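Before any comments, here is the structure.
The values are calculated or read from the model by the stated rules, or taken from the named source; none is laboratory data. Computed from a predicted structure; not experimentally measured. No Cβ is skipped: glycine too gets one built from the backbone with ideal geometry, and neighbour counts run over all protein chains shown. Please note that ligands, DNA and RNA were not included when accessible areas were found on the heavy atoms of the full protein model with its side chains. Shrake-Rupley method; radii C 1.70, N 1.55, O 1.52, S 1.80 Å.
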Amino acid sequence: MKFKNIFKNTNTMTTENTEIDQELDDATLENNANGEQMIIEELSVEEQLTQDLAKEKDKYLRLFAEFENYKRRTSKERIELFKTANQEVLLAMLPVLDDFDRALVEINKSDDELLAKGVELIYEKLKSTLVSKGLEQVDVKAGDAFDADFAEAITQIPAPKMKGKIVDVLEKGYKLGDKIIRFPKVVIGQ
């Protein structure tokens, strides 16, 4: 009987051991699953940080490029402003220059050489002052081919030999640096 009890106890223990082993195996699987899940979460956190870093780096590079473009644009605008700062004053002086041209033509018709010489000196002084400030005359003359980029056609007259060419310059044109501030007004042949 004793032997039976021992066998029974052993059998009970084996059953208990099997149950304990099963519980351990379930716990191990659960721990492994949690561990894998933790590894997966760590990788995704790591990937997330890598992505966030890449986004911030991209923002930084874009902001830096935008700032460089801003600096380049403002320096270019500043240089352009310095070049054309006196454009309004020069534009206001152009009619005076035109009046001097007309006055010289009329004075040269008269016999008064001293008056012509005096007006011419004043005209040259005004012209040289404006040239020193950057004003240049647009070089357009009768017989040149008409180019709408450099002259303004006021009218066309029938002239078979001068078709598409400038027949007469009515008003001189001027530029400040590379920018034309007043286009020459011309008559072209048709």
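Out of the residues in segment 155-171 that are open to solvent by less than 60 Å² (accessible area, probe 1.4 Å) and either touching a Phe, Trp or Tyr at 6+ places or on another chain (Cβ under 6 Å) or not in a strand (DSSP E or B) (or both), which is farthest from Gln87 (Cα to Cα)? Checking each candidate, the answer is Ala159.
Just to be sure, is Glu66 modelled with pLDDT of 90 or more, of a type outside the set (S, T, N, Q), assigned to a helix (DSSP H, G or I) and farther than 30 Å from Lys172 by Cα? Criteria met by Glu66. Could you please let me know if Leu126 is more than 36 Å from the chain's Cα centre (by Cα), over 15 Å from Glu171 (Cα atoms), modelled with pLDDT of 90 or more and surrounded by fewer than 11 Cβ atoms within 10 Å (Cβ to Cβ)? No. Residue count for segment 172-189 satisfying the condition of being open to solvent by less than 50 Å² (accessible area, probe 1.4 Å), under 21 Å from Ala145 (Cβ atoms) and assigned to a strand (DSSP E or B): 8. Among the conditions (1) modelled with pLDDT of 90 or more; (2) open to solvent by 100 Å² or more (accessible area, probe 1.4 Å), Ser75 misses just one, which is (2). Taken over segment 115-133, the residue count meeting the criterion of being under 20 Å from Leu94 (Cβ atoms) and in contact (Cβ under 8 Å) with a residue 12 or more places away in the chain is 8. I'd like to know if segment 99-114 contains one or more residues that are touching a residue at least 24 places away in the same chain (Cβ under 8 Å) and either of a type outside the set (Lys, Arg) or loosely packed, with under 15 Cβ neighbours inside 10 Å (or both). Yes, segment 99-114 has at least one match. Checking each residue in segment 82-98 for being under 12 Å from Leu176 (Cβ atoms) and either surrounded by fewer than 15 Cβ atoms within 10 Å (Cβ to Cβ) or in contact with a strand residue (DSSP E or B) (Cβ under 7 Å, 6 or more places away or on another chain) (or both) picks out Phe82, Lys83, Thr84, Ala85, Gln87, Glu88, Val89, Leu90, Leu91, Leu94. Scanning segment 150-171 for residues that are farther than 19 Å from Asp139 by Cα and either of a type in the set (A, V, I, L, M, F, W, C) or in contact (Cβ under 8 Å) with a residue 40 or more places away in the chain (or both) turns up Ile157, Ala159. I need the full set of residues from segment 129-154 which are open to solvent by less than 80 Å² (accessible area, probe 1.4 Å) and either part of a loop (DSSP other than H, G, I, E, B) or polar (S, T, N, Q) (or both), in order please. Passing the criteria: Thr129, Gly134, Val140, Ala142, Gly143, Asp144, Phe146, Asp147, Ala148, Ala151.
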